[in-house]
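Take a look at the structure set out below.
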There are 2 protein chains.
Amino acid sequence: MSQQTALKQKQNKPSYHHGDLRITLLNAANVLLKETGIEGLSLRKLADKVGVSRTAPYHHFKDKNQLLCAIAEKGFVQWQQDAANIFNQTGLSPKEKYRQFFHGYISYAADNPELYDLMFGRTIWKQNSATSELRNAAYPSFHHQVKMTKKWQEQGLMPSGEDTLRLSQVTWGTMHGIARLLIDGIYADRSHIDEMCDCAVNLFTQQITQSED
Amino acid sequence: MSQQTALKQKQNKPSYHHGDLRITLLNAANVLLKETGIEGLSLRKLADKVGVSRTAPYHHFKDKNQLLCAIAEKGFVQWQQDAANIFNQTGLSPKEKYRQFFHGYISYAADNPELYDLMFGRTIWKQNSATSELRNAAYPSFHHQVKMTKKWQEQGLMPSGEDTLRLSQVTWGTMHGIARLLIDGIYADRSHIDEMCDCAVNLFTQQITQSED
DNA sequence: AAGCATATGTTGACGCTGTCAAGATAACAA
DNA sequence: TTGTTATCTTGACAGCGTCAACATATGCTT
């Protein structure tokens, strides 16, 4: 953005060029997503809300899919920060840390159901429609869990007999499955969250000599 | 269907009234679903494929949602039969039976990805859009698992210390999560199925004195 | 057998969607 | 200053779900 444009923005003078449309669109899309869900998020409504014409977004996103991927991408980054905060806590036993991680994941999903649905929903991941940027944001999240799973196995928190990658897939699958059950309201609701998480953590962890991290 | 109409159908004489449109629509929808996925399943294409006008389906389904629910309903019935066949086997240890049940669930999902996606996807379950018929077909599937979980706990296959309902939600969530990972191709692919299932079964079951059911 | 209600089919129309093409305007680089 | 590029605009198109109005076949009642 040039100095002149920046100045215009500051002075709230209307200009032909928006100056910051990409970010504005992403923010508005997040709001619209929360309010109406994926099915209510249309490019036209979005453009209207931001105050530009229907086709303006196409200069910043190749198509709707790319916009959705960008939103999901932000979701992954945000969750990774939340997770990092949990892992960076000190003075917690491995089991307690894992418990908090599990609870944190489910809470993130329950607090941002529409976003979570977008992040892990078919809309984005079906037959390679995910952008490489999205993949680059999503995969580290799982890789980190694999790394932590290995550590948990070494610490004796999780069974060392199982293959680390399979164990990661199963534990992650459990979190994902519980999250989906909650969001879709199929066989569970929010009042079950704590008990479900504790039950799952109990199943996956064994009694070990307590030590800090 | 009257005798005359039935006769017409038999003789392949074209008639103004289709005579069997509801079932024909459901079957064609299943094919279209398999071929193009949910996003490719439109009422207009469907009607065209069957050879009726765009609005003819509305005399058999209130709207698109009701059609989708009806398809999903069939999916639940079908899965329940598959599951029953597994449970009705004789000469298997509880653990082996559970293993087959787990594998069967994942295989069903992997073999019918589009149908599974419809059955458990947001499209149908978001804010009470599921028909009561669908609920009546879907819930027994879970209730049966709760019943089996209780049995498995009593048999010592699964930890008896955990609340049965929570345990059911967790184990079911795991199956659902793994199924979704496979279908969406996020963090797993078909070549991992067996190992993932075995890993999960190992985690959920304990060593017990083997006995026949 | 006649007539009428009902079920089932049709075409027309509406507003919504994503997206392309062509043109207008601003920003920037030479 | 001039020309290139980025950005934003309107116009247009096909596809979608769905409603309204109308047509036709079926089946029940008399």
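For the range B:120-213, what is the Kirkwood estimate of the hydrodynamic radius, computed as the reciprocal of the mean inverse distance between distinct Cα atoms, to one decimal in Å? Write down the numbers at each step before the final one.
Details: mean 1/r = 0.0657 Å⁻¹.
Mean inverse Cα-Cα distance, inverted, gives 15.2 Å.
Over what distance in Å are the Cα centres of the range A:37-109 and the range B:109-164 separated?
If we compute the Cα centre of each part, the gap is 28 Å.
Place the label 7 angstrom along Cα→C-beta at residue A:141 and in each other copy, then list the distances from the first to the rest in nm, shortest first.
2.5
Could you give the angle, 0 to 90 degrees to the nearest 10, between helix B:132-154's Cα long axis and the longest principal axis of the Cα atoms of chain B?
Its long axis makes an angle of about 10 degrees.
Shortest first and in nm with one decimal, please list how far the residue A:92 label point sits from its counterparts in the other copies (point 7 Å along Cα→Cβ).
Distances between equivalent label points, in nm: 4.0.
Evaluate the distance, in nm, between pseudo-label points positioned 7 Å from the Cα of residue A:90 and of residue B:64 along their respective Cα→Cβ axes.
Reported label-point gap for residue A:90 and residue B:64 is 5.6 nm.
Once you've got the GNM for chain B with C-alpha springs shorter than 10 Å, pick whichever of B:165, B:115, B:134 has the biggest mean-square fluctuation.
Looking only at B:165, B:115, B:134, the largest GNM fluctuation is found for B:165.
Could you tell me whether the protein assembly as shown comes out rounded, prolate or oblate from its Cα gyration tensor? Rule is a ≥ b ≥ c as square roots of the eigenvalues, rounded for a/c under 1.5, then prolate if a/b exceeds b/c, otherwise oblate. Show your work: numbers first, answer last.
Working: a/c = 2.40, a/b = 1.03, b/c = 2.34.
Verdict is oblate for the protein assembly as shown.
For the pairing of chain A with chain B, what total accessible surface becomes buried, with a 1.4 angstrom probe, in square angstrom to the nearest 100?
On the way: alone 12400 and 12420 Å², together 20990 Å².
Interface between A and B: roughly 3800 Å².
Using alpha-carbon pairs under 8 Å, 6+ residues apart, how would you state the relative contact order of chain A in percent? If you can, show how the numbers build up before the last one.
Working: 170 pairs, mean separation 47.0, N = 213.
After rounding, I find 22 percent.
Dipole of the range A:72-213, Cα-centred, from +1 at each Lys and Arg C-beta and -1 at each Asp and Glu C-beta, to the nearest 20 debye? All intermediate terms of the calculation are to be shown ahead of the outcome.
Working: 13 positive and 17 negative charges, 84 e Å.
Computed about the Cα centre, the dipole is about 400 debye.
To the nearest 10 degrees, how steep is helix A:64-87 against the longest Cα principal axis of chain A, on a 0 to 90 scale?
Once rounded, one gets 40 degrees.
Would you mind listing the distances between the residue B:78 label point and the same position in each other copy? Use 7 Å along Cα-to-C-beta, nm, one decimal, shortest first.
Its label point is 3.7 nm from the equivalent points in the other copies.
Taking a 31 Å limit on the Cα-Cα distance, which of the listed pairs A:74/A:151; A:34/A:95; B:34/B:95; A:62/B:62; A:34/B:151; A:151/B:150 fall beyond it? Please list the in-between numbers first.
Details: A:74/A:151 27 Å; A:34/A:95 33 Å; B:34/B:95 33 Å; A:62/B:62 36 Å; A:34/B:151 42 Å; A:151/B:150 33 Å.
Going by Cα-Cα distance, A:34/A:95; B:34/B:95; A:62/B:62; A:34/B:151; A:151/B:150 fall outside the 31 Å limit.
Semi-axes of the equivalent ellipsoid of the range B:98-159: what are they in whole Å, largest first, if each equals the square root of 5 times a C-alpha gyration tensor eigenvalue? All intermediate terms of the calculation are to be shown ahead of the outcome.
On the way: eigenvalues 134, 55, 13 Å².
Semi-axes from the Cα gyration tensor: 26, 17, 8 Å.
Per the Kirkwood formula on distinct C-alpha pairs, the Rh of the range A:30-168 is how many angstrom? Let's see the in-between values first.
Working: mean 1/r = 0.0590 Å⁻¹.
For the range A:30-168, the Kirkwood estimate is 16.9 Å.
Cα axis of helix A:21-36 to longest principal axis of chain A: angle in degrees, 0 to 90, nearest 10?
That works out to roughly 60 degrees.
Looking for one value pair here: nearest-to-axis residue in chain A (by Cβ) for the rotation onto B, and the distance in whole angstrom.
A:177, 1
The values are calculated or read from the model by the stated rules, or taken from the named source; none is laboratory data. Worth saying up front: this structure is predicted, and the values here are computed from it rather than measured. All Cβ positions, glycine included, derive from the backbone under ideal geometry; neighbour counts span all protein chains shown. Areas reflect the complete protein model, heavy atoms only, side chains present, ligands, DNA and RNA absent. Shrake-Rupley method; radii C 1.70, N 1.55, O 1.52, S 1.80 Å.
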